[in-house]
Every structure is written in C-alpha cells, then in structure tokens.
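Each remark here refers to the structure printed beneath this line.
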Amino acid sequence: MDIRTRLATAAENAPSRATRCSGGRTACSLVDSLSISVDGKPVEIPDRAVVLLSDVASARLTRLTPNRFALILTGGDAAASYEVRLFFDRHMIRRMEIWQGEMKMMEQAIDFHDIAEEAPNS
C-alpha cells in the first residue's frame, strides 16, 4: 500500500489579531494545503482539518489497521504547542483531534462523516 502526504506552507510576517499563528512568534508558517493519497487515490480532507494549522514542526504517519491510518502533526512553540491527529481511511479523514502540547490534554475532537454513505436507500 502506497500512502503519500504533502503539506504546503506560507510565511506570515506580520501577525494581526486575526492571525492563525500558534502564538509566541513575530512570524509563523501557515499551512496552505494538505493532501493525502492512498494507492494513488486522493483522500478527502475537510477544510476544517487544515485551517487551524501553523508552525508545523514534524509529521508522522501511522497505520492503525489494514485500512485505517493516522497522520500526527506537531507544531507551535512552548505553551502554544499542539499535536493534531488526523485519522483517515482510503476515502476521507474521519476524525481530527487537537491536543495541547505541553499538558498533553485533548482540547477538541471533530468527527467527519460522508453524507453520501449515510443516505438512506430510496
């Protein structure tokens, strides 16, 4: 099984009050896009799973089961550090967890559903 990820960033040099920067820096690196593919087919990634990411320092890909995977991204700085865990299968990201870096506490969890899979048969 071939799994590929791509993360694109852009620098923000003058953070404003509306910044997505993780805090503690005068400049940061915002995530512009993230792509994941499994065996050459793209995995659907909701915008919500990327919009909060900045200052990504490392990424780790883990296979949880034969058809489930996790992409773990760490970023931020000191008290503003975080870990994002993106759980996905061959089709889409199914869950996102945001963990506070220093305290190792989950701050937020979001489950994503494919509405087409849940539609009743007519």
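Any read-out appearing in this document is the output of simple, stated calculations on the displayed coordinates, not a laboratory observation. The structure displayed is predicted, hence computed values, not measured ones. Note that we place each Cβ from the backbone using ideal geometry, even for glycine, and neighbour counts take in every protein chain shown.
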Handout entry: Cα-projected label distance for residue 51 with residue 7, points at 7 Å along beta-carbon direction, nm
Key = 2.0 nm
Handout entry: Inter-label distance, nm, simple model (7 Å from Cα along the C-beta direction), residue 110/residue 60
Key = 2.4 nm
Completion exercise
Rounded to the angstrom and largest first, Cα extents along the principal axes for the range 28-104 equal 36, 25, 17
Exercise for the section: Set Lys and Arg Cβ to +1 and Asp and Glu Cβ to -1, take the dipole of the range 34-89 about its Cα centre, and tell me which of 87, 59, 46 lies farthest positive. Expected result: 87
Exercise for the section: Pull out a ≥ b ≥ c, the square roots of the eigenvalues of the alpha-carbon gyration tensor of the range 62-122, then state rounded if a/c is under 1.5, prolate if not and a/b is larger than b/c, and oblate in the remaining case. Expected result: prolate
Exercise for the section: Once you have the Cα-Cα distance between residue 32 and residue 67, take 0.36 nm times their residue separation minus that, and quote the gain in nm to one decimal. Expected result: 9.9 nm
